[in-house]
Amino acid sequence: MRSPLLITLLVYPLMVGGSNAEGHDDLTGLWRTVRHGALVDIADCGDSTPCGTLTWISEAISEGNTTDIHNRNHALRIRPLIGLPILWGFECREAVCQNGRLYNPEDGKTFRAHMQLLSAAKLRVSGCLGPLCRSQIWTREDTSETKE
């Protein structure tokens, strides 16, 4: 049985870098996850809060699946993995983003989530189930390089 992507015994402070009122502009961009090396694009949801969508996942990790086959809602299992919303619903006040949601397509579960910008290139993403949380440090993808 696979363990969820983001469950541990530690809860970290929830400060997010940035000097703007919303505190999440520095979060925007492409981020590479640790465990699977997937790419997540974090952008404004349209309501001044951050959202993340899955933009790339290794075929070895997805086991050749291109849809959300582990979703608990059977009607949503036909959604493509690429473009799948996996981060949403954050409350950002005074450079703090917390109480969002993180969807794990590997097991179809949704967790309470927090994000903390550690530096321009490092983002701590925490997913929680009850009092237990697991964090990963995601790395900003360098978009200045042209990939051919």
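With an 8 Å Cα cut-off and a minimum separation of 6 or more residues, compute the relative contact order for the stretch 43-136 in percent.
Computed over the stretch 43-136, the figure is 20 percent.
Explain nothing, just compute: Karplus ³J(HN,Hα) = 6.51 cos²θ - 1.76 cosθ + 1.60, θ = phi - 60°, for every residue of the stretch 128-135 in order, whole Hz, x for Gly and Pro.
Result, ordered by residue: 10, 10, x, x, 8, 10, 10, 10 Hz.
Enumerate the amide H contacts of LEU118 below 5 Å, restricted to partners 5 or more residues apart or on another chain; note that Pro and chain-start residues carry no placed amide H.
LEU123, ARG124
For TYR103, what charge total do you get from the other residues with a beta carbon under 11 Å from its beta carbon, if Lys and Arg give +1 and Asp and Glu give -1?
So the surrounding residues net to +1.
What does the net charge come to around ILE78 if you take all other residues with beta carbon closer than 15 Å to its beta carbon, with K and R at +1 and D and E at -1?
Residues near ILE78 contribute +2 overall.
Here, each number is a calculation from the coordinates, and none is a lab measurement. Treat the numbers as computed from the prediction; the structure is a model and nothing was measured. Glycine also receives a Cβ, built like all others from the backbone with ideal geometry; neighbour counts cover every protein chain displayed.
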